[in-house]
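The values are calculated or read from the model by the stated rules, or taken from the named source; none is laboratory data. Note that this is a predicted model, so its numbers are computed, not measured. So basically every Cβ, Gly included, is an ideal-geometry build from the backbone, and we count neighbours across all protein chains shown. We work out accessible area using only protein heavy atoms, side chains counted, and drop any ligands, DNA or RNA first. Shrake-Rupley method; radii C 1.70, N 1.55, O 1.52, S 1.80 Å.
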Amino acid sequence: MIRSVLTGTGAALPARRVSNAELAQQVDTTDEWIVERTGIRFRYIAGPDETTATLAADASKAALAAAGVLAADVDLIVLATATPDQTFPSSATKVQALLGIADCVAFDVAAVCSGFLYAVQVADAMLRAGVHRRALVIGSETFSRILDWEDRATCVLFGDGAGAIVLEARESADAAGPGILATKLHADGRHNDLLYVDGGPSTTGTVGKLRMKGREVFRHAVVNLAAVMEEGLQLAGLTAAEVDWVVPHQANARILDATARKLGLPPEKVVVTVDQHANTSAASVPLALDTAMRDGRINAGQIVVLEAMGGGFTWGAAVLRT
Ligand code: COA
(Lines give C-alpha, C1' and ligand atoms only; values in the text may rest on other atoms or scores of the structure.)
Protein backbone atom coordinates (compact mmCIF):
# COMPACT_ATOMS: atom_id res chain seq x y z
CA MET A 1 0.00 0.00 0.00
CA ILE A 2 1.34 3.46 -0.93
CA ARG A 3 0.33 6.38 1.27
CA SER A 4 1.06 10.11 0.97
CA VAL A 5 2.82 11.05 4.19
CA LEU A 6 3.06 14.61 5.50
CA THR A 7 6.76 15.19 6.21
CA GLY A 8 7.00 18.97 6.53
CA THR A 9 5.07 22.24 6.64
CA GLY A 10 6.04 25.86 6.02
CA ALA A 11 4.47 29.30 5.89
CA ALA A 12 5.24 32.79 4.62
CA LEU A 13 3.53 36.08 5.37
CA PRO A 14 4.08 39.55 3.90
CA ALA A 15 6.20 41.93 5.98
CA ARG A 16 3.31 44.36 6.61
CA ARG A 17 0.78 43.47 9.31
CA VAL A 18 -2.35 45.63 9.45
CA SER A 19 -4.56 45.86 12.55
CA ASN A 20 -8.29 46.55 12.52
CA ALA A 21 -7.60 49.98 14.03
CA GLU A 22 -5.22 50.85 11.20
CA LEU A 23 -7.78 49.68 8.64
CA ALA A 24 -10.46 51.82 10.31
CA GLN A 25 -8.44 54.90 9.34
CA GLN A 26 -9.11 54.18 5.62
CA VAL A 27 -12.39 52.22 5.71
CA ASP A 28 -15.69 53.09 7.47
CA THR A 29 -15.43 50.32 10.08
CA THR A 30 -14.38 49.67 13.67
CA ASP A 31 -12.21 47.18 15.52
CA GLU A 32 -15.29 46.21 17.59
CA TRP A 33 -17.45 45.40 14.53
CA ILE A 34 -14.75 43.28 12.88
CA VAL A 35 -13.84 41.35 16.05
CA GLU A 36 -17.44 40.72 17.05
CA ARG A 37 -18.65 39.59 13.59
CA THR A 38 -15.55 37.71 12.43
CA GLY A 39 -12.93 37.24 15.17
CA ILE A 40 -10.33 38.90 12.91
CA ARG A 41 -7.77 41.22 14.56
CA PHE A 42 -4.92 41.37 12.02
CA ARG A 43 -4.22 40.60 8.38
CA TYR A 44 -1.00 40.76 6.32
CA ILE A 45 -0.93 42.83 3.13
CA ALA A 46 1.63 42.12 0.39
CA GLY A 47 3.96 44.89 -0.76
CA PRO A 48 4.83 45.44 -4.44
CA ASP A 49 7.66 42.88 -4.38
CA GLU A 50 5.63 40.23 -2.56
CA THR A 51 3.51 38.12 -4.91
CA THR A 52 1.62 34.84 -4.80
CA ALA A 53 4.66 33.08 -6.31
CA THR A 54 7.31 34.66 -4.05
CA LEU A 55 5.25 33.93 -0.91
CA ALA A 56 4.66 30.39 -2.17
CA ALA A 57 8.38 29.87 -2.79
CA ASP A 58 9.25 31.13 0.72
CA ALA A 59 6.65 28.84 2.33
CA SER A 60 7.94 25.94 0.21
CA LYS A 61 11.55 26.50 1.33
CA ALA A 62 10.41 26.35 4.97
CA ALA A 63 8.41 23.16 4.31
CA LEU A 64 11.32 21.50 2.50
CA ALA A 65 13.68 22.38 5.38
CA ALA A 66 11.21 20.93 7.91
CA ALA A 67 10.92 17.74 5.84
CA GLY A 68 14.68 17.48 5.26
CA VAL A 69 14.02 17.25 1.52
CA LEU A 70 16.13 18.96 -1.16
CA ALA A 71 14.27 21.08 -3.74
CA ALA A 72 15.97 19.01 -6.44
CA ASP A 73 14.17 15.90 -5.16
CA VAL A 74 10.66 17.40 -5.62
CA ASP A 75 8.97 15.92 -8.69
CA LEU A 76 5.50 17.51 -8.35
CA ILE A 77 4.29 21.03 -7.47
CA VAL A 78 0.56 21.64 -7.07
CA LEU A 79 -0.24 25.24 -6.19
CA ALA A 80 -3.75 26.32 -5.19
CA THR A 81 -4.51 29.95 -5.87
CA ALA A 82 -7.20 32.30 -7.15
CA THR A 83 -4.72 35.18 -7.39
CA PRO A 84 -1.92 33.97 -9.72
CA ASP A 85 0.97 36.30 -10.59
CA GLN A 86 -0.05 36.18 -14.25
CA THR A 87 -3.02 34.76 -16.17
CA PHE A 88 -0.45 32.34 -17.52
CA PRO A 89 1.95 30.63 -17.05
CA SER A 90 0.96 29.02 -13.78
CA SER A 91 2.41 30.37 -10.56
CA ALA A 92 3.56 26.81 -9.82
CA THR A 93 6.09 27.06 -12.66
CA LYS A 94 7.32 30.37 -11.21
CA VAL A 95 7.78 28.64 -7.84
CA GLN A 96 9.67 25.85 -9.60
CA ALA A 97 12.07 28.43 -11.09
CA LEU A 98 12.45 30.28 -7.77
CA LEU A 99 13.33 26.99 -6.06
CA GLY A 100 15.83 26.12 -8.82
CA ILE A 101 14.16 22.81 -9.70
CA ALA A 102 15.40 21.83 -13.15
CA ASP A 103 12.54 19.51 -14.06
CA CYS A 104 9.28 18.44 -12.42
CA VAL A 105 5.52 18.55 -13.02
CA ALA A 106 4.07 21.91 -11.93
CA PHE A 107 0.56 23.35 -12.22
CA ASP A 108 -2.03 25.49 -10.43
CA VAL A 109 -5.46 24.43 -9.27
CA ALA A 110 -8.31 26.92 -8.88
CA ALA A 111 -10.99 26.23 -6.28
CA VAL A 112 -10.66 29.52 -4.37
CA CYS A 113 -10.82 29.00 -0.58
CA SER A 114 -11.04 25.20 -0.90
CA GLY A 115 -8.15 25.16 -3.39
CA PHE A 116 -5.73 23.62 -0.91
CA LEU A 117 -8.09 20.67 -0.29
CA TYR A 118 -8.40 20.19 -4.06
CA ALA A 119 -4.59 20.35 -4.39
CA VAL A 120 -4.15 17.78 -1.61
CA GLN A 121 -6.53 15.31 -3.28
CA VAL A 122 -4.85 15.74 -6.69
CA ALA A 123 -1.33 15.32 -5.26
CA ASP A 124 -2.39 12.38 -3.07
CA ALA A 125 -3.87 10.57 -6.07
CA MET A 126 -0.72 11.16 -8.16
CA LEU A 127 1.54 9.91 -5.36
CA ARG A 128 -0.56 6.84 -4.61
CA ALA A 129 -0.67 6.00 -8.33
CA GLY A 130 3.11 5.73 -8.18
CA VAL A 131 3.59 8.47 -10.80
CA HIS A 132 5.40 10.83 -8.39
CA ARG A 133 7.41 10.45 -5.18
CA ARG A 134 7.72 13.88 -3.54
CA ALA A 135 5.18 16.67 -3.85
CA LEU A 136 5.04 20.27 -2.74
CA VAL A 137 1.40 21.18 -2.16
CA ILE A 138 0.95 24.91 -1.71
CA GLY A 139 -1.84 27.39 -1.00
CA SER A 140 -0.81 30.96 -1.76
CA GLU A 141 -2.84 34.13 -2.23
CA THR A 142 -2.64 37.90 -2.55
CA PHE A 143 -6.35 38.70 -2.15
CA SER A 144 -5.50 42.31 -1.23
CA ARG A 145 -5.02 42.88 -4.98
CA ILE A 146 -8.61 41.85 -5.84
CA LEU A 147 -10.42 43.54 -2.95
CA ASP A 148 -12.70 46.51 -3.46
CA TRP A 149 -11.29 48.78 -0.76
CA GLU A 150 -14.52 50.85 -0.96
CA ASP A 151 -16.62 47.82 0.11
CA ARG A 152 -16.32 47.54 3.88
CA ALA A 153 -18.38 44.34 3.97
CA THR A 154 -15.59 42.43 2.16
CA CYS A 155 -12.27 44.31 2.36
CA VAL A 156 -11.90 43.85 6.12
CA LEU A 157 -12.22 40.06 5.87
CA PHE A 158 -9.23 38.99 3.77
CA GLY A 159 -5.43 38.90 3.95
CA ASP A 160 -2.38 37.64 2.04
CA GLY A 161 -0.05 34.73 2.76
CA ALA A 162 1.13 31.26 1.81
CA GLY A 163 1.40 27.81 3.35
CA ALA A 164 3.05 24.70 1.94
CA ILE A 165 3.37 21.04 2.82
CA VAL A 166 5.65 18.25 1.61
CA LEU A 167 3.89 14.96 0.84
CA GLU A 168 6.04 11.89 0.24
CA ALA A 169 4.93 8.53 -1.17
CA ARG A 170 5.72 5.81 1.39
CA GLU A 171 5.23 2.10 0.95
CA SER A 172 3.76 0.54 4.11
CA ALA A 173 1.75 -2.49 5.14
CA ASP A 174 0.77 -0.83 8.45
CA ALA A 175 -2.83 0.43 8.27
CA ALA A 176 -2.24 2.37 11.51
CA GLY A 177 0.76 4.20 10.02
CA PRO A 178 0.95 7.86 8.98
CA GLY A 179 -0.49 9.32 5.79
CA ILE A 180 -3.57 10.73 4.13
CA LEU A 181 -6.43 8.39 5.01
CA ALA A 182 -9.27 9.96 3.02
CA THR A 183 -10.22 12.99 0.97
CA LYS A 184 -13.66 14.17 -0.15
CA LEU A 185 -14.43 17.08 -2.48
CA HIS A 186 -17.60 18.72 -3.77
CA ALA A 187 -18.62 21.50 -6.15
CA ASP A 188 -21.98 23.13 -6.83
CA GLY A 189 -21.62 25.67 -9.63
CA ARG A 190 -25.12 27.09 -9.20
CA HIS A 191 -23.88 29.46 -6.51
CA ASN A 192 -21.49 31.52 -8.65
CA ASP A 193 -23.30 34.78 -7.84
CA LEU A 194 -22.85 34.50 -4.07
CA LEU A 195 -19.04 34.74 -4.13
CA TYR A 196 -17.13 35.71 -7.28
CA VAL A 197 -14.75 38.15 -8.95
CA ASP A 198 -16.43 40.51 -11.44
CA GLY A 199 -13.73 40.23 -14.10
CA GLY A 200 -11.58 37.75 -16.00
CA PRO A 201 -9.57 37.28 -19.21
CA SER A 202 -12.47 35.74 -21.16
CA THR A 203 -15.24 38.13 -20.04
CA THR A 204 -14.27 41.70 -19.21
CA GLY A 205 -10.59 41.38 -20.03
CA THR A 206 -9.84 42.85 -16.61
CA VAL A 207 -8.83 41.25 -13.32
CA GLY A 208 -11.95 42.40 -11.44
CA LYS A 209 -12.83 42.70 -7.75
CA LEU A 210 -14.22 40.26 -5.20
CA ARG A 211 -18.01 40.37 -4.62
CA MET A 212 -19.79 38.44 -1.88
CA LYS A 213 -23.21 38.00 -0.33
CA GLY A 214 -21.75 37.27 3.09
CA ARG A 215 -24.86 36.20 4.94
CA GLU A 216 -25.83 33.56 2.32
CA VAL A 217 -22.24 32.25 2.12
CA PHE A 218 -22.26 31.89 5.90
CA ARG A 219 -25.45 29.82 5.84
CA HIS A 220 -24.11 27.36 3.22
CA ALA A 221 -20.68 27.14 4.87
CA VAL A 222 -21.77 25.66 8.20
CA VAL A 223 -24.01 22.99 6.61
CA ASN A 224 -21.52 21.98 3.89
CA LEU A 225 -18.46 21.90 6.13
CA ALA A 226 -20.02 19.77 8.85
CA ALA A 227 -21.37 17.34 6.20
CA VAL A 228 -18.08 16.96 4.30
CA MET A 229 -16.09 16.38 7.49
CA GLU A 230 -18.48 13.58 8.38
CA GLU A 231 -18.08 12.11 4.88
CA GLY A 232 -14.28 12.28 5.15
CA LEU A 233 -14.28 10.59 8.55
CA GLN A 234 -16.63 7.88 7.32
CA LEU A 235 -14.32 7.16 4.34
CA ALA A 236 -11.40 6.91 6.77
CA GLY A 237 -13.38 4.58 9.05
CA LEU A 238 -13.20 7.02 11.95
CA THR A 239 -15.65 8.88 14.19
CA ALA A 240 -15.58 12.52 15.32
CA ALA A 241 -14.59 11.29 18.81
CA GLU A 242 -11.30 9.94 17.36
CA VAL A 243 -10.25 13.31 15.90
CA ASP A 244 -7.34 15.03 17.64
CA TRP A 245 -7.33 18.27 15.63
CA VAL A 246 -9.50 20.07 13.11
CA VAL A 247 -7.59 22.54 10.93
CA PRO A 248 -10.37 24.49 9.21
CA HIS A 249 -10.40 27.15 6.55
CA GLN A 250 -10.11 30.39 8.48
CA ALA A 251 -12.91 32.61 7.18
CA ASN A 252 -14.79 33.60 10.28
CA ALA A 253 -14.56 32.55 13.95
CA ARG A 254 -18.33 32.16 14.11
CA ILE A 255 -18.27 29.62 11.22
CA LEU A 256 -15.54 27.67 13.04
CA ASP A 257 -17.56 27.59 16.27
CA ALA A 258 -20.82 26.64 14.57
CA THR A 259 -19.19 23.85 12.51
CA ALA A 260 -17.41 22.32 15.53
CA ARG A 261 -20.65 22.44 17.53
CA LYS A 262 -22.55 20.67 14.73
CA LEU A 263 -20.03 17.80 14.85
CA GLY A 264 -19.95 17.74 18.65
CA LEU A 265 -16.23 18.62 18.69
CA PRO A 266 -14.90 20.65 21.63
CA PRO A 267 -13.50 24.07 20.61
CA GLU A 268 -10.07 23.14 22.10
CA LYS A 269 -9.59 20.71 19.19
CA VAL A 270 -10.06 23.42 16.54
CA VAL A 271 -6.96 25.31 15.34
CA VAL A 272 -7.86 29.00 15.04
CA THR A 273 -5.61 31.54 13.30
CA VAL A 274 -8.28 33.75 11.72
CA ASP A 275 -7.59 36.37 14.42
CA GLN A 276 -3.98 36.71 13.20
CA HIS A 277 -4.24 36.13 9.42
CA ALA A 278 -7.88 36.91 8.45
CA ASN A 279 -9.18 34.90 5.48
CA THR A 280 -6.22 34.03 3.23
CA SER A 281 -8.33 31.82 0.93
CA ALA A 282 -6.33 28.80 -0.32
CA ALA A 283 -3.46 29.65 2.03
CA SER A 284 -5.50 29.53 5.21
CA VAL A 285 -5.51 25.77 5.89
CA PRO A 286 -1.75 25.21 5.32
CA LEU A 287 -0.96 28.41 7.28
CA ALA A 288 -3.02 27.16 10.24
CA LEU A 289 -1.55 23.65 9.90
CA ASP A 290 1.99 25.04 9.97
CA THR A 291 1.17 27.15 13.04
CA ALA A 292 -0.13 24.14 15.00
CA MET A 293 2.71 21.83 13.87
CA ARG A 294 5.40 24.35 14.87
CA ASP A 295 3.90 25.34 18.23
CA GLY A 296 3.80 21.65 19.20
CA ARG A 297 0.02 21.18 19.34
CA ILE A 298 -0.06 18.61 16.52
CA ASN A 299 2.16 15.63 17.27
CA ALA A 300 3.11 12.39 15.50
CA GLY A 301 0.41 9.73 15.32
CA GLN A 302 -2.55 12.11 15.64
CA ILE A 303 -5.71 12.27 13.54
CA VAL A 304 -6.07 15.65 11.81
CA VAL A 305 -9.02 16.79 9.71
CA LEU A 306 -8.57 19.60 7.19
CA GLU A 307 -11.66 21.31 5.74
CA ALA A 308 -12.55 24.30 3.57
CA MET A 309 -15.28 25.89 1.52
CA GLY A 310 -15.08 28.62 -1.08
CA GLY A 311 -16.47 30.27 -4.20
CA GLY A 312 -18.18 28.04 -6.72
CA PHE A 313 -19.27 26.76 -4.30
CA THR A 314 -16.50 24.25 -3.78
CA TRP A 315 -15.80 22.45 -0.51
CA GLY A 316 -13.86 19.52 0.84
CA ALA A 317 -12.17 17.68 3.69
CA ALA A 318 -9.06 15.56 4.15
CA VAL A 319 -8.32 13.16 7.01
CA LEU A 320 -4.73 12.26 7.81
CA ARG A 321 -2.61 10.64 10.47
CA THR A 322 0.56 12.62 11.24
N1 COA B 1 -17.76 47.60 9.51
C2 COA B 1 -18.88 48.09 10.06
N3 COA B 1 -20.09 47.75 9.61
C4 COA B 1 -20.19 46.89 8.60
C5 COA B 1 -19.05 46.35 7.99
C6 COA B 1 -17.79 46.75 8.48
N7 COA B 1 -16.64 46.28 7.96
N8 COA B 1 -19.44 45.53 6.99
C9 COA B 1 -20.78 45.55 6.98
N10 COA B 1 -21.23 46.37 7.95
C11 COA B 1 -22.64 46.68 8.30
C12 COA B 1 -23.55 46.56 7.11
O13 COA B 1 -23.54 47.75 6.35
C14 COA B 1 -24.88 46.30 7.77
O15 COA B 1 -25.39 47.54 8.22
P16 COA B 1 -26.98 47.84 8.11
O17 COA B 1 -27.63 46.78 8.98
O18 COA B 1 -27.07 49.23 8.63
O19 COA B 1 -27.30 47.69 6.67
C20 COA B 1 -24.51 45.50 9.02
O21 COA B 1 -23.10 45.72 9.22
C22 COA B 1 -24.78 44.02 8.87
O23 COA B 1 -24.25 43.57 7.64
P24 COA B 1 -24.34 42.07 7.21
O25 COA B 1 -23.56 41.89 5.94
O26 COA B 1 -25.76 41.62 7.23
O27 COA B 1 -23.54 41.41 8.45
P28 COA B 1 -23.36 39.92 8.88
O29 COA B 1 -23.79 39.74 10.28
O30 COA B 1 -23.89 38.96 7.85
O31 COA B 1 -21.77 39.80 8.87
C32 COA B 1 -20.03 38.90 7.46
C33 COA B 1 -21.07 40.01 7.68
C34 COA B 1 -19.38 39.12 6.11
C35 COA B 1 -18.99 39.02 8.55
C36 COA B 1 -20.73 37.53 7.54
O37 COA B 1 -21.85 37.51 6.69
C38 COA B 1 -19.82 36.43 7.14
O39 COA B 1 -18.83 36.16 7.79
N40 COA B 1 -20.15 35.70 6.06
C41 COA B 1 -19.35 34.60 5.57
C42 COA B 1 -18.29 35.20 4.73
C43 COA B 1 -17.22 34.22 4.42
O44 COA B 1 -16.78 33.50 5.27
N45 COA B 1 -16.78 34.24 3.18
C46 COA B 1 -15.69 33.52 2.73
C47 COA B 1 -16.02 32.10 2.50
S48 COA B 1 -14.63 31.41 1.73
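Tabulated values for the structure
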item: Estimated [θ] at 222 nm from DSSP helical runs (n ≥ 4, -39500 (n - 2.57)) normalised by residues in the chain, nearest 500; result: -9500 deg cm²/dmol
item: Reference-scaled alpha-carbon Rg (2.2 N^0.38 Å with N residues) for the stretch 1-133; result: 1.24
item: Pairs from Lys61/Lys94; Lys213/Lys262; Lys94/Lys269; Lys61/Lys213 whose Cα-Cα separation, in the structure shown, is over 25 Å; result: Lys94/Lys269; Lys61/Lys213
item: Computed over the stretch 221-288, Kirkwood Rh from alpha-carbon pairs, angstrom; result: 12.2
item: Contact order relative to length of the chain, as percent, for alpha carbon pairs under 8 angstrom and 6 or more apart; result: 25
item: Exposure of Ile165 as accessible area (Å², to 10), given a probe of 1.4 Å and all protein chains; result: 10
item: Span-like helix ranges in the chain, DSSP H, alpha carbon extent 18 angstrom or more, Kyte mean at least 0.5; result: 52-67, 115-128
item: Accessible-area composition of the chain, carbon plus sulfur, in percent [1.4 Å probe]; result: 52
item: Antiparallel DSSP beta bridges within the stretch 236-322, percent to nearest 5; result: 60
item: Angstrom value of the Kirkwood radius, inverse mean 1/r, which spans all Cα pairs in the chain; result: 19.3
item: Overall dimensions of the stretch 66-205 by Cα: Rg and Dmax, Å; result: 17.0, 56
item: Three semi-axes of the equivalent ellipsoid, the stretch 179-321, Cα gyration tensor, whole Å, largest first; result: 28, 16, 14
item: Relative contact order (percent, whole number), the stretch 283-322, Cα cutoff 8 Å, 6+ residue spacing; result: 36
item: Charge sum, other residues only, whose C-beta stays under 11 Å from Phe218's C-beta, Lys/Arg counted +1 and Asp/Glu -1; result: +4
item: Most fluctuating residue given options Asp85, Asp31, Asp188, as computed from a GNM of the chain linking Cα atoms under 10 Å; result: Asp188
